[in-house]
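Below is one structure, written out as structure tokens; the observations come after it.
Laboratory data are not the source of any read-out in this text; all were calculated from the coordinates shown. These figures come from a predicted structure and were not determined experimentally. A quick note on method: Cβ atoms are made from the backbone with ideal geometry, for glycine too, and the neighbour counts reach across all protein chains shown.
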Amino acid sequence: MGELGSFLPIILMFAVVYFFMIAPQMRRAKQEKKFAAELKRGDKVITKSGLHGKVVDLNEKDNSCIIETMSGKLKFDRSAISMEMSKTLNNPTIEKK
């Protein structure tokens with residue numbers, strides 16, 4: 001019982017790290033992967049670098065998409081599209097008065 005008591009703080013520390021750091025990160029990565037897979041033509045998106053545009057074409061072979069901006073068309077990897085900013089762009093919140 002004494003040996004278990006000395007390992008208990010270490011076990012608790014690993015449990016806290018897992019539930020507060022590792023599990024949420026895995027959940028977020030899964031959501032971003034799902035978001036990138038659900039992209040379709042005509043979606044308004046914002047890249048992680050801040051570029052605004054509309055999805056014109058999707059390429060399944062190299063997992064990329066072509067985004068049309070005011071200055072032309074650019075090819076981006078789907079992982080370069082920001083999930084949070086694109087969702088707020090497509091679903092703006094309604095202000096309460």
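When Pro9 is tested against the conditions (1) surrounded by fewer than 12 Cβ atoms within 10 Å (Cβ to Cβ); (2) closer than 20 Å to Ser79 by Cα, the lone failure is (2). Taking the numbered list (1) in contact with a helix residue (DSSP H, G or I) (Cβ under 7 Å, 6 or more places away or on another chain); (2) surrounded by fewer than 16 Cβ atoms within 10 Å (Cβ to Cβ); (3) not hydroxyl-bearing (Ser, Thr, Tyr) in turn, Val45 passes all entries but (2).
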